[in-house]
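Quick note: the coordinates plus some simple rules give every number you see, no bench work behind them. Since the structure is predicted, the reported quantities are computational estimates derived from the model, not experimental observations. When we count neighbours, we look across all protein chains shown, and the Cβ atoms used for this are built from the backbone with ideal geometry, even at glycine.
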Amino acid sequence: MKIQRSCAIACALFLLVLLPCLSAQEKKGGNKYACSEPNPASQCNAGNTCGSSSTPCSVDVKRTRYSSSATPSIQGAKGNALFCVKAGTTVTWQSSSKNTGFLVDFGPTSPFDPSDPIMGGSKRPITVKTATPGCYMYALQATDSTGLYGMSQASHAELIVVGGE
């Protein structure tokens, strides 16, 4: 249990250091991120919107060969692709992979209530509710809890919370 707690703390600290670096790189480059666009919510449509205020959204976090991926419960969704949710939607972060733990961090501004980093795993899904509309970049990392494969490289993705129904 101590090892898992230490691992979770180490992951959180790593991500807190990584997010400011990512923001600095984003400013240097072009608008390759949806959150850099003038109106990011215009990129939301029925094909990339997950759940609603009456239908929950689930996001499957997995450890891939060298990194991590988060895939929303949308038909044809790809890992780490931009997805949208409506304000007031319940989102469950979980892992369908056996023996997998994960950390999802939105940095200092989170769209969820509670706003803490999301730490869960294959046997511990975490449910949060979207509270604040906006465009959010997040970092995620998945770990094989057996220790055979260890932690994956941190991955980054974006989430847009649009006004309620």
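Cross-link partners of LYS32 among lysines, defined as those whose alpha carbon lies under 26 angstrom from its own and excluding same-chain residues fewer than eight positions apart: LYS62, LYS78, LYS86.
Which whole-number value in Å³ per residue fits the convex hull of the alpha carbons of region 77-133? The partial results should precede the final answer.
On the way: hull volume 5.1 nm³, N = 57.
Value for region 77-133: 90 Å³ per residue.
Rounded to the nearest Hz, the phi-derived 3J(HN,Hα) couplings of region 34-39 under the Karplus curve 6.51 cos²θ - 1.76 cosθ + 1.60 (θ = phi - 60°) are 4, 5, 8, 6, x, 9, where x marks glycine and proline. Peptide packing: for 36-44, 77-85, the average count of neighbouring Cβ atoms within 10 Å per residue gives the ranking 77-85, 36-44, highest mean first. Taken along the Cα-to-beta-carbon direction at a fixed 7 Å, the label points for ASN39 and THR92 span 3.5 nm.
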